[in-house]
Structures are given as C-alpha cells and as structure tokens.
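Participant: There's a structure below that I have some questions on.
The values are calculated or read from the model by the stated rules, or taken from the named source; none is laboratory data. Because the structure is predicted, anything quoted here is derived from the model rather than measured. Virtual Cβ from ideal backbone geometry, glycine too; neighbours counted across all protein chains shown.
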Amino acid sequence: MIAPSTDPDTLIHTFRALAEADDHYYIKRPNIVEKIEHNGRTFYARFERIDAPLEVKQVAEHLARHVTLALPLEAQGMGSHIVFLYEGEAPERFVHVFKHLMQTLGITDYQIFPGKRDTIRLLILPRSHQSIADLHTYAQTLSKRLETQLTKSWKILPDPSLPESYNITPLPYIN
C-alpha cells in the first residue's frame with residue numbers, strides 16, 4: 001500500500017491517474033440530476049457530469065468536505081482500475097483481510113483510502129488497460145476469495161451491468 005499524500009498537487013496526479021477519462025469529472029448534487037435507462041433498468045443519478053478537467057480548487061473543496069467529487073472508471077467500455085468500496089461495520093478487518101489476500105497473490109500495487117464516514121474504505125487496485133467485463137471478472141474472483149472470510153459489505157467497480165455514468169468512484173478523503 002502506498003501511503004496517501006496530503007499535498008494537493010500529488011493528489012491531483014493520483015486522481016488523474018485513476019480517471020479513465022480526464023476531460024470530465026462528477027459532482028454530487030442533493031437532488032436527482034439524471035434519469036438513465038440501461039438494460040431494462042432505471043437509474044437515478046445524483047452525480048452531475050462536469051465537462052472540464054479536475055483542478056486543484058475542486059480537490060481542495062472535496063478534501064474540506066464541501067462537495068463530493070467522483071471520477072470515471074470507464075471510457076468507451078475500457079478501464080484500468082478496480083475499486084472495492086467497503087461500507088460495512090468492520091472496515092479494519094476488511095482492510096486486514098484484503099491486504100493478506102493481496103500479499104498471498106503477490107500484488108503490492110494498490111491503495112487504501114478512508115471514506116467520508118469512519119465505516120467506509122476505498123481500495124483501488126490498478127490493472128492493465130482492458131475491457132470492463134474482464135476487469136469485473138477478475139474483481140469477482142477476488143471478491144469471492146474475500147467472501148470466504150467476510151460477510152459481503154462492498155461494491156465492486158467498474159460493473160458492466162451499470163451505465164457508464166454509474167461506473168464512477170468517489171474521490172477518497174485524506175484524514
């Protein structure tokens with residue numbers, strides 16, 4: 001795990017590396033901004049797409065918890081990161097089991113960030129650039145291995161069953 005830096009320029013670099021498309025980002029709104037029909041399902045998005053590159057000013061507002069920002073994990077059906085968004089009651093146990101699994105698999109390149117609340121953890125695992133379906137298949141394999149020791153309390157992104165504007169990850173917070 002790489003220790004997260006609190007330097008805004010370093011964070012911008014980390015966040016831009018995470019974004020699959022660097023020409024836009026998302027900002028959470030208090031109301032529904034878009035109704036999306038996808039594969040026979042209806043999604044109601046609270047994140048509004050902003051067609052501009054992410055800047056230091058927006059990151060500073062996010063870190064001060066004035067706004068919630070998110071970045072796209074998918075661009076034209078391709079991606080290069082897997083995100084585990086844990087929202088359970090035992091985040092430290094989840095982190096411990098995740099680290100052990102990564103060590104067992106020989107994976108050392110991943111990051112773990114705290115979420116907005118104490119019970120949330122964001123785990124980011126870089127992968128080679130590949131299709132969303134392939135990323136999700138690999139993530140499902142990891143998830144099943146985690147489920148042998150934990151009750152599932154996490155989401156995996158990107159997910160091919162979700163529309164592109166739902167395959168986004170909230171930016172992590174640095175405490």
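Participant: All but one of (1) within 21 Å of R46 (Cβ to Cβ); (2) in a helix (DSSP H, G or I) hold for Y173; state the number of the condition that does not hold.
Facilitator: Every condition holds for Y173 apart from (2).
Participant: Restricting to the range 59-114, what's the tally of residues that are within 22 Å of Q140 (Cβ to Cβ), in a helix (DSSP H, G or I) and of a type in the set (A, V, I, L, M)?
Facilitator: Total meeting the criteria: 5.
Participant: Next question, about the same structure. May I ask you to list the residues in the range 122-145 that are surrounded by fewer than 18 Cβ atoms within 10 Å (Cβ to Cβ) and either of a type in the set (A, V, I, L, M) or not assigned by TED's automatic domain parsing to the domain that holds T108 (or both)?
Facilitator: A133
Participant: Could you list, in sequence order, all residues of the range 124-155 that are in a strand (DSSP E or B), of a type outside the set (D, E, K, R) and out of contact with any Ser or Thr (no Cβ under 6 Å at 6 or more places or on another chain)?
Facilitator: Residues satisfying the conditions are I124, L125, P126, S128, Q130, S131, W154.
Participant: Here's a follow-up. Considering only residues that are more than 15 Å from E164 (Cα to Cα) and either in contact (Cβ under 8 Å) with a residue 40 or more places away in the chain or surrounded by 18 or more Cβ atoms within 10 Å (Cβ to Cβ) (or both), which ones fall in the range 56-82?
Facilitator: Of the residues in the range 56-82, the ones more than 15 Å from E164 (Cα to Cα) are 56-69.
Within the range 56-82, V56, Q58, V59, A60, H62, L63, R65, V67, T68, L69 meet the criteria.
Participant: Say whether the condition of being modelled with pLDDT of 85 or more, under 18 Å from the mean Cα position of the chain (by Cα) and over 18 Å from S80 (Cβ atoms) is met by at least one residue in the range 35-46.
Facilitator: Yes, the range 35-46 contains a residue that is modelled with pLDDT of 85 or more, under 18 Å from the mean Cα position of the chain (by Cα) and over 18 Å from S80 (Cβ atoms).
Participant: Give the number of residues within the range 83-103 that are free of Cβ contacts under 8 Å to residues at least 40 places away in the same chain and charged (D, E, K, R).
Facilitator: Taking the range 83-103 and keeping what is free of Cβ contacts under 8 Å to residues at least 40 places away in the same chain, we get 91-92, 95-96, 100, 102-103.
Applying the additional criterion that residues be charged (D, E, K, R) yields 92.
So the count comes out to 1.
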